[in-house]
Every structure is written in C-alpha cells, then in structure tokens.
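To keep things clear, I will list the structure first and then write my remarks on it.
Any read-out appearing in this document is the output of simple, stated calculations on the displayed coordinates, not a laboratory observation. Source: prediction; values computed, not measured. Neighbour counts are summed over all protein chains in view; Cβ atoms, including those assigned to glycine, are modelled from backbone coordinates with ideal geometry.
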Amino acid sequence: MERNERFLYACNRAPVDQIPVWYMRQAGRYQPEYRKIREKYSLMEICEIPDVCAEVTLLPVQQLGVDAAILFSDIMIPIKAMGCQVDIKGGYGPVIEHPIRQMSDLQKLRRVEPEEDLPKTLETIRILRRELKVPLIGFTGAPFTLASYLVEGGPSRNYLKTKSMMFSSPELWNALMDRLADMVITYARAQVEAGAEAVQMFDSWVGSLSPQDYRRYVFPTMKRIAEGLSDLHAPLIYFGVNTAELLPIWRELSVDVIGIDWRISIPEARNRVGSSFAIQGNLDPAILLAPWEVIEERAKEILDQGMEKPGFIFNLGHGVFPEVRVETLQRLTEFVHTYSSNRLRE
Ligand code: 1CP
C-alpha cells in the first residue's frame, strides 16, 4: 500500500479524494487489546517502552483504518520531564504531588531538553515513522490546560485555584505561561524533528475562560507559540472544548487547523475564524452510543457541512468514551470514507 497523505492535504486545505478521519483518544480503554496491555503496564510505563508505545499507537490505525495516527502519550509526560512529580491515576487523571502555588514552586521547574529528558518518546516516534503508512500526529498540552493541572493539583471542575492565580497574581501567572510556552515550543519541534508530521495542541479546558480573559491572560502566550513554530513545516492544530466564543480571537493565530467541539456548527465556526484555516471535528462523542441510524444521520450532516469548503478533517468533538464499541468506530470510519468519496465524485 502506498502512503496515505489525505490528512496532510486536508490540513493544508488542498483537494482530497475522500475526507480524512481520525479520533481523539483513538488508542484507549474502548479497545480490548489496550485493556489487556494496561493489565501489564501503567500508562506511564507504556510511554517509557517504545515498542509497546508504538504498538498501542498503531492499534487503532490497523483496527479502524483511520487516516492518521496520534502518538500514544499524555499531556503530562513533558511536565514530568520538567521535574514535576506526576502520577496518572486510571479512571481519574493526572495528579501532581506539589502543585504550583508561588514563585518558588515555579523556580523548581526545569527547562526541557527533549533528546535527554524524553528519549523514549522520540524513539517511539522514529519507530512509528518506519512502520506507518499514514501521517503521525505529535501533540502537546497548551499552557492554560497544562497550568490547570499544575495549579489545581489534578482534574478540576471550576479551575478556581488556576483562575485565582491568573486574576490575583498576574506576574506569577505570566511567568508560568512563559515557562510552559518554552516547553511547548521545544517539545513540538523535537517531535517533528523525530518524524511527527503534524502537531496538535490540546487546550481542552481553555473554554472555561471568557473571551476578554482569554485575550488578556492566554492569547499572548499562544501567539508566541504559534509564531515560534511557524517555520516547522508541519501543520499545527489547535483544539479546545467549548471554545465557540473564543474562535474570533483564534482567527489571529498562525495555526493551520482549528479543532472544534459539537457546540458550534461547522459553517458558524468557519464564519468566526475566517477562510484561512482547515476545520477538524465535531461529532458529539456521546452519539457513538446511539443506534447506527442516528450516528449515520449526524455524521452525514457534519460531512455535508465540512465538505462545503476544502480543508476538513472528520473527528469527534472530544475523546472516545471507554463504553464505545470498536465495531461502531470501524463502521463510522468506513462511512466517512465512502460517503465523502461518492459525493466528491458527483
Ligand atoms: O489516542 C489517543 O488520543 C490517546 C493518547 C492520549 C492523549 C492525546 C492520552 C492517553 N492522553 C492524551 C491527552 C490528554 N491527557 C488531554 C487532552 C485531550 C483531552 O482533552 O482528552 C488531557 C486533558 C489529558 C489529561 C488526562 N489524562 C485525563 C483527563 C482528566 C480530566 O481532567 O478530566 C485523563 C483521564 C488522563 C489519563 C489518560 N491519558 C491517556 C489515556 C488513554 C488515559 C486514560 C487512562 C488509562 O488508560 O490509564
């Protein structure tokens, strides 16, 4: 089989013969094979053993026929490399032993040297590039979302401690954003140098901010990151949940693809960001638990909207739930491909 580069064409808003598709959290607990590997290794251990990590990354590509692989890792892996004690508790999420609350906590964070601090991740990427016939997406958390774990100490509902720091100690907040931005730039660059062909920045929780506060407390950092990576020769994808009201600001960022959730329609997202971005999304992942007829109807709607302009990548609006059946994602992938290629031939 020849290499399939549809995903990269769509990122660059070039014409494709069918719509590319991949799924956030496409490697994970909905797969019996993943659960079996997790009986033997923790998530952190998988990330430390390149053969196993590559196997977990490849699994959904082989099983589902998706058009891109995403490196199996977690947004907290480079945070660990910064010298922070991170534990990922299954079924819960990352837990930070000493959360960042003051300047002295921040000063303990080290600058990341990927070749020295994250050699297993880079080796996994090199293995994957040899094995894959589809592009490999590298990824990183974006500073606000990373900061939410670092400051709260774990998953959160309201981000109260994070927002308190932002509103009450802007100097500390800016210093934290700066440190994280340096890491993001270095880490994304290292992943691309090792063989990743696109980079997704997960800003999953940034939708908890008002547009004014996003503009003031996060946007300057994101602008610096996007500009710092503009020579990368790999498309940059920026994704967050509940970001409909932030999209007019994202319009000013030099990224290539905007990832959206199901709370906004694709035409409206295009209205808000303008015509110089590809769009990725946006099926509500809960729909995957509905009968097939419902899934098909919703997927068709998304494809009809997405295909109005070049530069569309089918995905979910957030990650796959563990309750989803593998067969459902197989069938959906096949549907996205056949429905879109038939329409494109019309
Ligand atoms: O195929 C893939 O996409 C899997 C690779 C992957 C990715 C892209 C994992 C493995 N984590 C991530 C990114 C990640 N991690 C994000 C951004 C994407 C998103 O919003 O879902 C976030 C917020 C995290 C933090 C995290 N890690 C959580 C969320 C906690 C919360 O605040 O609600 C959880 C549950 C984890 C653990 C984790 N990471 C990855 C997996 C498969 C799991 C589940 C636990 C396990 O299998 O042990």
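Apply 1/(1 + (r/R0)^6) to the Cβ-Cβ distance of Glu113 and Glu171, taking R0 = 30 Å, and write down the FRET efficiency to the nearest 0.05. Don't skip to the answer; put the middle values down first.
Working: r = 27 Å, r/R0 = 0.89.
The computed FRET efficiency comes out at 0.65.
With θ taken as phi - 60° and the coefficients 6.51, -1.76 and 1.60, list the Karplus ³J(HN,Hα) couplings across region 57-66 in order, rounded to whole Hz; mark glycine and proline as x.
These are the phi-based 3J(HN,Hα) values: 5, 6, 3, x, 5, 5, 6, 9, x, 6 Hz.
So for region 99-143, Kirkwood radius off the Cα pairs, Stokes-Einstein at 25 °C and 0.890 mPa s: how many µm² s⁻¹?
Value of D from the Cα-based Kirkwood radius: 184 µm²/s.
Of Ser156, Ser73, how do they rank once you tally other Cβ atoms within 10 Å and put the fewest first? It would help to have the intermediate numbers written out before the result.
Working: Ser156 17, Ser73 24.
Sorted ascending by nearby Cβ count, the order is Ser156, Ser73.
Starting from 0.36 nm per residue, how many nanometres of slack lie between Arg157 and Glu323 once their C-alpha separation is accounted for?
Contour length minus Cα-Cα distance gives 57.5 nm.
Put a dot 7 Å past each Cα toward the Cβ at Leu289 and Ser265; how far apart are the dots in nm?
So the label points at Ser265 and Leu289 sit 2.7 nm apart.
Using only helices, what value at 222 nm comes out for the chain when you add -39,500 (n - 2.57) per DSSP H run of length 4 or more and divide by the total residues, to the nearest 500 deg cm²/dmol?
It comes out at -14500 deg cm²/dmol, rounded to the nearest 500.
Efficiency by 1/(1 + (r/R0)^6): what FRET value for Lys300 and Asn12, r their Cβ-Cβ distance, R0 = 25 Å, to the nearest 0.05?
Between Lys300 and Asn12 the formula returns 0.50.
Based on the Kirkwood radius over alpha-carbon pairs, what value in µm²/s does the Stokes-Einstein equation return for the translational diffusion coefficient of the chain at 10 °C and 1.306 mPa s? Please list the in-between numbers first.
Values: Rh = 20.3 Å.
Here the translational diffusion coefficient equals 78 µm²/s.
Just for the chain, what percent of DSSP beta bridges are antiparallel, to the closest 5?
Roughly 15 percent of the DSSP beta bridges within the chain come out antiparallel.
Quick one: divide the alpha-carbon radius of gyration of region 42-149 by 2.2 N^0.38 Å and tell me what you get.
1.16
Please list, by residue number, every one of the trypsin sites (Lys or Arg not before Pro) in region 114-188 that is coil in DSSP and has at most 10 other beta-carbon atoms within 10 Å. Could you put the intermediate results ahead of the total?
Numbers: sites: Lys120, Arg126, Arg129, Arg130, Lys133, Arg157, Lys161, Lys163, Arg179; in loops: Lys133, Arg157.
When the trypsin sites (Lys or Arg not before Pro) of region 114-188 are filtered for loop state and at most 10 Cβ neighbours within 10 Å, Arg157 remain.
Grab the beta carbon distance between Arg126 and Asp87, set R0 = 30 Å, and tell me the FRET efficiency rounded to 0.05.
Here the calculated transfer efficiency is 0.65.
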